[in-house]
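Novice: Input: one structure, supplied below.
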Amino acid sequence: SAFVLSAIRDISERKQIQKELQDSNAELARANLAKDHFLANMSHELRTPLNAIIGFTGTLLMKLPGPLTEEQDKQLRTVQNSGKHLLALINDLLDVTKIESGKVELNRELVDCNAIVEEVAATLRPQAESKGLELLLTVPIMPLLLHTDRRALSQIVINLTSNAIKFSDYGHVHLTLKQHTASDNAAKTVEIAIADTGIGISDEDQAKLFGAFSRVNTSRQKAPEGTGLGLHLSQKLAHALGGKVVCRSELGKGSTFVVAVPEI
Ligand code: ADP
């Protein structure tokens, strides 16, 4: 009977533990929901005044109320740039929160990947050329079609290509689109590689590249703008599409980021 008693005690203890676990899961879910609400509300509350600051400094900069001294012009530009930076940060944070809470709605459609890569190249080429960088493009002759979310894929390629431009001072940025054929029966996967001849990233830094707010090799990079959320966001988007972003890089030689996305 001692055995039966201890078995009963075991069962009731297990039930107690199970209940505690359920309670803490529910509490976690509630806390997560509260966090999402808080961030969504806060982002909205922050964006409204920021838009006013950016808008009205714009009006002042157009010298509508009257001429500005050089010093006033410089200070106003700093106000405006800081406002824009903060706005970008808030928008990125909001995107990260949305993805993390599974609130990003993917819109699956037949996407022409050639068109996506060509559009990104056309949009960013002026930025590249203004820095003396050549923007090269290699796409298959036949349009590569994939069932996926056009906006998410496009956003990832834009992020990676603007980084490639931002962190290169000479040479080229080369976008290559191809179909990846791992094995015959594997799902169709599209790969877009963005290769640059820029500053490169050390092995150590590559390990933390995709974390939030990771701004690596800061001593080397001159560009102070950027939120450190672009790669984090791109990786989350790629995961949402069932794919991933990987990086190959050598310090001082350049980097290649590859986004691989399977049919969803
Ligand atoms: P941001 O560009 O806004 O700082 P990202 O998440 O896009 O944030 O990138 C994080 C960091 O990774 C950058 O600050 C930079 O140090 C490094 N990085 C990203 N892309 C490249 C690249 N193509 N070449 C060299 N360094 C890069």
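Novice: Only Cα pairs within less than 10 Å get springs; with that Gaussian network setup on the chain, which residue of 227, 197, 59 has the largest fluctuation?
Specialist: 59
Novice: For the stretch 1-97, take every pair of Cα atoms, bin their distances at 5 Å starting from 0, and report each bin as a whole percent.
Specialist: The calculated distribution, bin by bin, is 2, 11, 12, 11, 9, 7, 7, 6, 5, 5, 5, 4, 4, 3, 3, 2, 2, 1, 1, 0.
Novice: Using every pair of alpha-carbon atoms in the chain, split the distances into 5 Å bins beginning at 0 and state the percent of pairs per bin, rounded to integers.
Specialist: With 5 Å bins starting at 0, P(r) equals 1, 5, 10, 12, 13, 13, 12, 10, 7, 5, 4, 3, 2, 2, 1, 1, 0, 0, 0, 0.
Novice: Which of 95, 112, 73 ends up with the largest GNM mean-square fluctuation for the chain, with Cα atoms connected below 10 Å?
Specialist: Answer for the Gaussian network model of the chain: 73.
Novice: Here is a follow-up. Tally Lys and Arg at +1 and Asp and Glu at -1 over the other residues with C-beta under 11 Å from the C-beta of residue 263: what net charge comes out? Spell out each step's value before the answer.
Specialist: Values: positive: 108, 188; negative: none.
Once positives and negatives cancel, what remains is +2.
Novice: Given a 10 angstrom Cα cut-off, can you work out which residue in 99, 116, 17 is the most mobile in a GNM of the chain?
Specialist: 17
Novice: In square nanometres, what is the average projected area of the Cα convex hull of the stretch 34-91? Before the final figure, lay out the partial values.
Specialist: On the way: hull surface 15.8 nm².
Averaging across all directions leaves 3.9 nm² for the Cα convex hull.
Novice: Moving to a separate point now. Run the helix sum for the chain: -39,500 (n - 2.57) per DSSP H stretch of 4+ residues, divided by residue count, reported at 222 nm to the nearest 500 deg cm²/dmol. All intermediate terms of the calculation are to be shown ahead of the outcome.
Specialist: Details: 6 runs with 143 residues, N = 264.
Computed mean residue ellipticity for the chain: -19000 deg cm²/dmol.
Novice: Continuing with this model, one more query. DSSP loop GluC sites (Glu not before Pro) in the stretch 90-172 with at most 16 other Cβ atoms within 10 Å of their Cβ, which ones? Mind dumping the intermediate values first?
Specialist: Details: sites: 100, 105, 109, 118, 119, 129, 134; in loops: 105.
Here the sparse-neighbourhood loop sites are 105.
Novice: For the chain, what are the DSSP H helices with axial Cα length of 30 Å or more and mean Kyte-Doolittle hydropathy of at least -0.5? Present the calculation step by step, with values, prior to reporting the outcome.
Specialist: Working: long enough: 2-61 (86 Å, -0.12); 70-100 (45 Å, -0.60).
Both cut-offs are met by 2-61.
Novice: For residue 58, what is the net charge nearby, where nearby means another residue's Cβ is under 15 Å from its Cβ and Lys, Arg count +1, Asp, Glu -1?
Specialist: Neighbourhood net charge equals +2.
All of the numbers you see were taken from the coordinates with simple rules; none came from a lab. Everything quoted here is computed from the prediction, not taken from an experiment. Here the Cβ is made from the backbone with ideal geometry for all residues, glycine too, and neighbour counts use every protein chain on show.
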